[in-house]
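Provided herewith is a single structure, encoded as structure tokens, for subsequent inquiry.
The values are calculated or read from the model by the stated rules, or taken from the named source; none is laboratory data. All values derive from a computational prediction rather than experimental measurement. Using ideal geometry, Cβ is built from the backbone for each residue, glycine included, and neighbour counts are taken over all protein chains shown. Side chains included, ligands, DNA and RNA excluded: accessible areas come from the protein's heavy atoms. Shrake-Rupley method; radii C 1.70, N 1.55, O 1.52, S 1.80 Å.
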Amino acid sequence: IRVRPLTCTETRRGDRQVVHSLGDGAVHVSAARHDATFGFSAVFDAGASQEAVFEGSGMRQLVELAMDGFSCTVFAFGQTGSGKTYTLMGPLAQSETRPASPALLGLMQRSFTCLLEQSRSRGSDLALSASYLEIYNEQIRDLLSPGPPCALPLRWSKTRGFYVENQLSVEFESLEAIVSLLLQGSQRRRTSAHALNRHSSRSHALLTIHIRSRAVSAHPAPGEGWGASACPSRQGTLCFVDLAGSERVKETGSSGELSVEANSINRSLLALGESWGTRPGSPAGPQQSPVTPFGAHPPAGHCISLLAKPRGKRTHIPFRDSKLTRLLARSLGGSGITLMVACISPSSRCLSETLSTLHYASRARRVTTRP
Ligand code: ADP
Ligand code: MG
């Protein structure tokens, strides 16, 4: 959980701070008729630096696991303005002319640095490439391809699983190169934010780093799970997902575009919530890894919404419910490891969205998975 500081606007208009970290992963919400404490793997409050979030969230371990061949995903979830983009990228979106101070760089840039350092120190011959997509109204756009935006089709094949046709994947070898790809992509996302109202808070952005060992790249084994062999596939991925704002879009007076948007977002988020594998509270299960709130086990793909139901009744894997979950099917259902960062505002005005984010995160946290 990451709680951002009150913004200047919030302070100026006298919003009260209703969220407090109690230490040891506990977070307390207190307001007139609400008084609740939630427990998580880690809580970062307003004073936490970007570095503290990187080191304390298990992000470094996630990068290492991706290098070992796992499909790793980090999600930033929360209402618009709660700090998702700040957590992932830092305040770079705000200043185009001046680069952000290194201390403010987000999880993405820190992960890139870690990845490149590790790659050098391991002396392994790794090929790194990046793709950057956006899902808006259930349409997939390539944020790296030049020219006017056009929707790309999502396909499925036996060897590749779900993939985006004609998606650009750009090789990189240096920090400068990957940071420049990130900037280009987020710039493209922002450009449409001006054209289309509230675009960036209504779209999901997925930056995926593909890590291929050159030696074995001729024989990728995407479907190979942990059960199949002791050694995971040597093609790892590290995917950063900046989710659309989780707030309810008011349906009042919404017609056409807005209601389509609302439906698409809700479908994605619901499907996402439903597609994590579950093993509620099984004491015989493998130990929860400190890396993720979900446990570092390849999800079997049961439904979070079916948590309460007896095991025998959980059968349907709703990956097909949205483009987002289809794209992330391997991360969520193959040899996937997931870190979710739920972002919240401390302001009294955001109370109901904050509670809803905390409830969602609590449900997600209870999910553990089996190979
Ligand atoms: P989101 O992506 O969830 O819509 P942003 O990341 O754009 O939200 O954050 C909203 C505002 O709050 C931005 O002005 C951002 O700079 C600021 N902000 C968010 N998190 C922090 C933080 N941890 N420290 C300082 N400012 C923050
Ligand atoms: Mg954002």
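Taking into account only those residues within region 1-58 that are more than 24 Å from the chain's Cα centre (by Cα) and among the basic types (Lys, Arg), which is surrounded by the fewest Cβ atoms within 10 Å (Cβ to Cβ)?
Ranking the qualifying residues of region 1-58, first place goes to Arg33.
Now for a different question. Which residues, counting only those in region 124-147, are at pLDDT below 90, acidic (Asp, Glu) and out of contact with any Ser or Thr (no Cβ under 6 Å at 6 or more places or on another chain)?
The one that is at pLDDT below 90, acidic (Asp, Glu) and out of contact with any Ser or Thr (no Cβ under 6 Å at 6 or more places or on another chain): Asp125.
Take the residues in region 231-255 that are open to solvent by 60 Å² or more (accessible area, probe 1.4 Å) and out of contact with any strand residue (DSSP E or B) (no Cβ under 9 Å at 6 or more places or on another chain); name whichever of them is modelled with the lowest pLDDT.
The selected residue is Thr252.
Which one is modelled with the lowest pLDDT, of the residues in region 323-346 that are small (Gly, Ala, Ser) and surrounded by fewer than 24 Cβ atoms within 10 Å (Cβ to Cβ)? Before you say what the answer is, go through the steps one by one.
Of the residues in region 323-346, the ones small (Gly, Ala, Ser) are 329, 331, 333-336, 342, 345.
When the remaining residues are screened for being surrounded by fewer than 24 Cβ atoms within 10 Å (Cβ to Cβ), the result is 329, 333-334.
Values: Ala329: 73, Gly333: 63, Gly334: 57.
Ranking the candidates gives Gly334 first.
Given the criteria surrounded by 18 or more Cβ atoms within 10 Å (Cβ to Cβ), away from ligand 1 (no atom under 13 Å from the Cβ) and more than 14 Å from Leu339 (Cα to Cα), does Leu65 qualify?
Details: surrounded by 18 or more Cβ atoms within 10 Å (Cβ to Cβ): yes; away from ligand 1 (no atom under 13 Å from the Cβ): yes; more than 14 Å from Leu339 (Cα to Cα): no.
So Leu65 does not fit the description; no.
If you go through region 77-94 one residue at a time, do you hit one that is away from ligand 1 (no atom under 16 Å from the Cβ) and of a type outside the set (Asp, Glu)?
As a first pass, look at region 77-94 and keep what is away from ligand 1 (no atom under 16 Å from the Cβ): none.
No, because not a single residue in region 77-94 is away from ligand 1 (no atom under 16 Å from the Cβ) and of a type outside the set (Asp, Glu).
Have a look at Ser131, Ser180 and point out the one that is of a type in the set (Ser, Thr, Tyr) and in contact (Cβ under 8 Å) with a residue 40 or more places away in the chain. Can you show your working first?
Working: Ser180 fails: in contact (Cβ under 8 Å) with a residue 40 or more places away in the chain.
Result: Ser131 is the single residue among Ser131, Ser180 that is of a type in the set (Ser, Thr, Tyr) and in contact (Cβ under 8 Å) with a residue 40 or more places away in the chain.
Residues that are part of a loop (DSSP other than H, G, I, E, B), more than 25 Å from Gln167 (Cα to Cα) and within 16 Å of ligand 2 (Cβ to nearest atom): does region 55-66 have at least one? Let's see the steps before the verdict.
Filtering region 55-66 for residues part of a loop (DSSP other than H, G, I, E, B) gives 57-58.
Subsequent filtering for residues that are more than 25 Å from Gln167 (Cα to Cα) retains 57-58.
This time we only want the ones that are within 16 Å of ligand 2 (Cβ to nearest atom), so: none.
Checked region 55-66: no residue is part of a loop (DSSP other than H, G, I, E, B), more than 25 Å from Gln167 (Cα to Cα) and within 16 Å of ligand 2 (Cβ to nearest atom).
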